[in-house]
Amino acid sequence: MSKTKGYVEVTRRNWDADFYADMQRGGHFIISEPAEYTIDGQRKNSLYGAQSPLYGTDFDSEQAFVERYRCKCGEIQGKAFEGFTCPICKEKVTFKDTDIKIIGWISYGKNRLINPYYYHKISSVMPKNTFNDIIYSKYKITTNGIREKAEADDFDTPPLSPYSGIGIDEFYNDFEDIMDYFKKKNKNKASSIDMILNEKNKVFTSHYPVFTPKLRPSGSTSDTYYYNTLDKDINTLFTLSENLKSCIDVERDYIIQRIQQKMVHSWDLVFETLPKKQGIIRSEILGKKRTAESKLYELLETLYKTISSRYFI
Ligand SMILES: [Zn+2]
């Protein structure tokens, strides 16, 4: 982590590699449950959801960064309970440091998506709307109401390229040919296209990182839109990962398309906030205690920039 103020480390990530590395290192987890569940009329954060206690304890008190004792699920907290076994998660209460770098991963199994960074990059080396026209499969409704993959002459709108409507999987299979085609069409984009060609393993991904909810709190001040929208995206991205598991083929392409759109949307939300000097973190976390804990804000802002740029560029 850089200590230089305002510095954002820019690295292009391979999310699949990050996912496997995080799983091996331990401490990180796969998001496999909705964010909340209801028990006896009370809403709780799921252990393997996007608001999981596995992300670590809150920064919601002046005790931020001091020691915390809790069980795995967070139900039992406090030094007084050290060694006590939680009846819910069956784990002993131990000291757990807050690790703001914990990532919850949404997995899409063997399905391929385009990493949003490369989505923008590839879109920019093709004529307007052409990339969407390639990766979003086209369908027709047959006379008996069945949805079928469309052939070129079924298209309502003229195809924007010879690869119109092939979908992400075909784009993956013909990646080199397709990128070469656009390289020949647009010579001044050649160096960008070469970069994309060289980084094929980063272009496609089956995993999506969700960084700590401490850096995306739900507040009620000016930047509420950012957080609520980001968390809505995250919840949808999880729900769609579940839908993918049981869907039929024709639905699958549609679900993939929605995941792709949500992924890009959430990435844009994070990316747009990165250069801002007046931070979201400053205004959102701890709200009123701003002046007293400005050092904490500074730290959190740096963490936000570090973590989001680590995973979102
Ligand atoms: Zn527990």
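The values are calculated or read from the model by the stated rules, or taken from the named source; none is laboratory data. Quantities reported herein were computed from a predicted structural model and do not represent experimental measurements. Glycine gets a Cβ as well: all are built from the backbone with ideal geometry, and neighbour counts include every protein chain shown.
So which residues in the stretch 75-85 are part of a loop (DSSP other than H, G, I, E, B) and either more than 8 Å from the ligand (Cβ to nearest atom) or within 15 Å of Ser52 (Cβ to Cβ) (or both), if there are any at all? Talk me through it step by step, then tell me what you get.
Of the stretch 75-85, the ones part of a loop (DSSP other than H, G, I, E, B) are 75-76, 78, 82-84.
Glu75, Gly78, Glu82, Gly83, Phe84, listed by residue number.
Given the structure, is Asp154 of a type in the set (Asp, Glu) and buried (at least 17 other Cβ atoms within 10 Å of the Cβ)? Walk me through it before giving the result.
On the way: of a type in the set (Asp, Glu): yes; buried (at least 17 other Cβ atoms within 10 Å of the Cβ): no.
Against the criterion (of a type in the set (Asp, Glu) and buried (at least 17 other Cβ atoms within 10 Å of the Cβ)), Asp154 does not qualify.
Applying the selection to the stretch 184-219, what residues are hydroxyl-bearing (Ser, Thr, Tyr), within 21 Å of Pro53 (Cα to Cα) and touching a Gly at 6+ places or on another chain (Cβ under 9 Å)? Break it down stepwise before answering.
Start the filter on the stretch 184-219 by keeping residues that are hydroxyl-bearing (Ser, Thr, Tyr), which leaves 191-192, 205-206, 208, 212, 218.
Filter once more, keeping what is within 21 Å of Pro53 (Cα to Cα): 208, 212, 218.
Listed by number, the list holds a single entry, Thr212.
Give the stretch 182-205 a look and list any residue that's hydroxyl-bearing (Ser, Thr, Tyr) and touching a Phe, Trp or Tyr at 6+ places or on another chain (Cβ under 8 Å), or say none.
Selection gives Thr205 alone.
All but one of (1) under 30 Å from Asp18 (Cβ atoms); (2) in contact with a helix residue (DSSP H, G or I) (Cβ under 8 Å, 6 or more places away or on another chain) hold for Lys96, so report the exception by its number.
(2)
Please find, within the stretch 21-74, the residue that is modelled with the lowest pLDDT out of those that are among the aromatic types (Phe, Trp, Tyr) and in a strand (DSSP E or B).
Tyr69
Take the stretch 253-267 and flag every residue that is in contact (Cβ under 8 Å) with a residue 40 or more places away in the chain and closer than 12 Å to Leu113 by Cα.
If the condition is that a residue be in contact (Cβ under 8 Å) with a residue 40 or more places away in the chain and closer than 12 Å to Leu113 by Cα, then Asp253, Ile256, Gln257, Ile259, Gln260, Met263, Val264 are the ones that fit.
Could you tell me which residue of the stretch 86-99 is modelled with the lowest pLDDT, considering only residues that are surrounded by 12 or more Cβ atoms within 10 Å (Cβ to Cβ) and more than 14 Å from the ligand (Cβ to nearest atom)?
Ranking the candidates gives Thr98 first.
Quick one: what pairs do we get from the stretch 151-169, first residue touching a residue at least 60 places away in the same chain (Cβ under 8 Å), second charged (D, E, K, R), C-beta under 7 Å, 6+ apart or different chains?
What qualifies is Gly167/Asp253; Ile168/Arg112.
Do you know which residues across the stretch 106-164 are within 20 Å of Phe204 (Cα to Cα), in contact with a strand residue (DSSP E or B) (Cβ under 6 Å, 6 or more places away or on another chain) and not in a loop (DSSP other than H, G, I, E, B)?
From the stretch 106-164, those within 20 Å of Phe204 (Cα to Cα) are 106-126, 129-137, 163-164; that's our starting set.
Still in the running and in contact with a strand residue (DSSP E or B) (Cβ under 6 Å, 6 or more places away or on another chain): 106-107, 112-113, 115.
Across the stretch 106-164, the qualifying residues are Ile106, Ser107, Leu113.
Pairs needed: first member in the stretch 72-99, closer than 30 Å to Thr306 by Cβ and free of Cβ contacts under 8 Å to residues at least 24 places away in the same chain; second member anywhere, near the ligand (Cβ under 9 Å from one of its atoms) and in a loop (DSSP other than H, G, I, E, B); C-beta distance under 6 Å; at least 6 residues apart or different chains.
These pairs meet every condition: Glu91/Cys71; Glu91/Lys72.
Considering the stretch 170-205 alone, what residues qualify as being buried (at least 17 other Cβ atoms within 10 Å of the Cβ) and of a type in the set (D, E, K, R)?
Lys183, Lys202
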